[in-house]
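Please treat every number below as a calculation from the coordinates, not as lab data. None of the values given here were measured: they were computed from a predicted structure. We place every Cβ from the backbone using ideal geometry, glycine too, and count neighbours over all the protein chains shown.
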Amino acid sequence: MTVPTYAGRHNVVPGAYRGVAVTSVDCELDEPSLQGHFLGLDAYRRTRFIVVRNGPRTAIVGVAKASEEPLFSPITELRLLVGPDECVYLREPEVDTAIPTALALASLSSAPGKRGVVVEGKYAHVSFILDPEPLRVTVREVVPPYPAKLLDQARRVLATAEHLPPMELVPEVIELEDLALTRPSPGYLLPCRGGGVSVEGATTDYLDEHPEQRDWTLIGCERSQQIHEWFYGERAEQVDICPRKRVGGTGAILAKCCLLEREVEVDRPADAQVVVVPWGASLAQISEGLTRLAEEWEPTWEPA
């Protein structure tokens with residue numbers, strides 16, 4: 001067996017923190033010194049990486065052993081993955097180190113610019129990330145209600161997603177009141193009271209209450225327009241709030257659409273991929289959407 005170099009890769013995280021050993025040494029943290037210290041020593045069969053500390057200084061090495069069959073086997077190869085000048089050790093008791101996104105976000109917030117970031121986190125488990133560069137995912141949403149639901153759900157999915165590469169969510173959230181003001185009207189019709197919007201000097205009605213028709217502008221999506229036509233026999237003046245229809249943007253984009261009920265769809269405008277989930281998407285559907293973005297933008301990523 002040989003130790004991979006991981007050259008040119010980013011977001012390198014161990015597949016399991018049980019494969020990461022932590023130890024302190026008295027020698028220098030350069031590769032020859034560490035080889036002289038570790039080669040020939042027995043290591044646990046699951047150990048693939050060692051976080052090596054000398055005082056406050058930290059390095060990360062990869063190791064190979066003579067065999068992975070017995071419980072312990074001699075280390076036969078060691079490669080320095082990141083030295084102490086580019087590495088930092090963090091104590092972040094709220095970070096679940098099994099989650100790639102959690103490792104990446106901890107590195108960006110507490111150790112920007114470091115190539116190697118070791119995190120001692122929740123349950124006192126230790127893991128690391130090399131060359132953190134999380135995939136930026138733009139999340140398109142409207143508010144209220146607060147918090148922005150799709151953004152909040154995506155954050156909750158990533159907080160437990162061991163199978164996804166590190167992701168950084170970038171909010172693209174628009175206020176319904178701001179949309180309403182783009183088309184002044186004596187009255188506005190919202191899909192439901194959950195919209196929570198009121199505009200000074202204008203009346204506010206809610207479509208789900210089937211109010212008596214008046215002169216209003218619908219602040220809603222195509223499904224709301226269809227319901228309006230069903231109720232009143234005609235389409236309304238409208239400001240369309242659908243995040244799917246928002247134009248512009250590049251890269252990975254997560255949006256939602258009221259016309260979807262169960263399926264997750266993909267749009268491919270120039271320089272972008274928009275994964276669209278139903279308006280009332282479950283966490284499972286959002287996980288599917290993020291997985292499809294990862295397959296497009298990080299197709300070769302996998303835990304080390």
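Using 0.36 nm per residue, how much length does the chain from residue 174 to residue 39 gain when fully extended, once their Cα-Cα distance is taken away?
Working: separation 135, 0.36 × 135 = 48.60 nm, distance 5.77 nm.
Once the chain is fully extended between residue 174 and residue 39, it gains 42.8 nm.
What list do you get for 128, 38, 231 if you sort them by fewest beta carbons within 10 Å?
231, 38, 128
Averaging sequence separations of C-alpha pairs under 8 Å and six or more residues apart, then dividing by the length of the chain, give the relative contact order as a whole percent.
Numbers: 653 pairs, mean separation 40.6, N = 304.
So the answer I get is 13 percent.
Can you compute log10 of I(q)/I(0) for the chain with the Debye formula, treating each Cα as one identical point scatterer, at q = 0.15 Å⁻¹?
Debye intensities relative to I(0), on a log10 scale: -1.08.
Over the chain, what is the percentage of antiparallel beta bridges among all DSSP beta bridges, to the nearest 5? Walk me through the intermediate numbers first.
On the way: 24 of 63 bridges.
About 40 percent, rounded to the nearest 5.
Using a simple spin-label model with points 7 Å from Cα along the Cα→Cβ vector, what separation in nm is obtained for residue 282 and residue 136?
3.3
Per 10 Å bin, what is the whole-percent P(r) computed from every C-alpha pair distance within region 17-130?
Taking all Cα pairs of region 17-130, the binned fractions are 15, 46, 32, 8, 0 percent.
Starting from the Cα coordinates of region 134-304, work out the convex hull volume and express it per residue in Å³. Kindly include the intermediate steps, with their values, before the conclusion.
Numbers: hull volume 19.2 nm³, N = 171.
So the per-residue Cα hull volume is 112 Å³.
If one takes the longest principal axis of the Cα atoms in the chain, at what angle in degrees, from 0 to 90 and to the nearest 10, does the Cα axis of helix 149-158 lie?
The answer is roughly 20 degrees.
Assuming 0.36 nm per residue, please report the length gained on full extension of the stretch residue 146 to residue 72 beyond their Cα-Cα distance. It would help to have the intermediate numbers written out before the result.
Numbers: separation 74, 0.36 × 74 = 26.64 nm, distance 5.32 nm.
Gain on extension, residue 146 to residue 72, equals 21.3 nm.
How do 232, 89 rank when sorted from fewest to most other Cβ atoms within 10 Å of their own Cβ? It would help to have the intermediate numbers written out before the result.
Details: 232 13, 89 20.
Going from least to most buried by this count: 232, 89.
Points 7 angstrom from Cα along the Cβ direction at residue 182 and residue 296: gap in nanometres?
Once both label points are built, they end up 2.2 nm from each other.
Counting only the backbone N, which residues of region 61-89 are under 20 Å from the spot 7 Å out from the Cα of residue 162 toward its beta-carbon?
none
Rank these for me by crowding, 17, 44, going from fewest to most other beta carbons within 10 Å.
Numbers: 17 18, 44 14.
Fewest-to-most ranking of 17, 44: 44, 17.
Can you give the local net charge around residue 272? Use residues other than it whose beta-carbon is closer than 13 angstrom to its beta-carbon, Lys and Arg +1, Asp and Glu -1.
Details: positive: 136, 140, 244, 246, 268; negative: 172, 267, 271, 296.
Residues near residue 272 contribute +1 overall.
Between residue 109 and residue 271, what FRET efficiency comes out of the Förster formula 1/(1 + (r/R0)^6) with R0 = 25 Å and r the beta carbon distance, rounded to 0.05? Walk me through the numbers on the way to the answer.
Values: r = 28 Å, r/R0 = 1.13.
With a Förster radius of 25 Å, E is 0.30.
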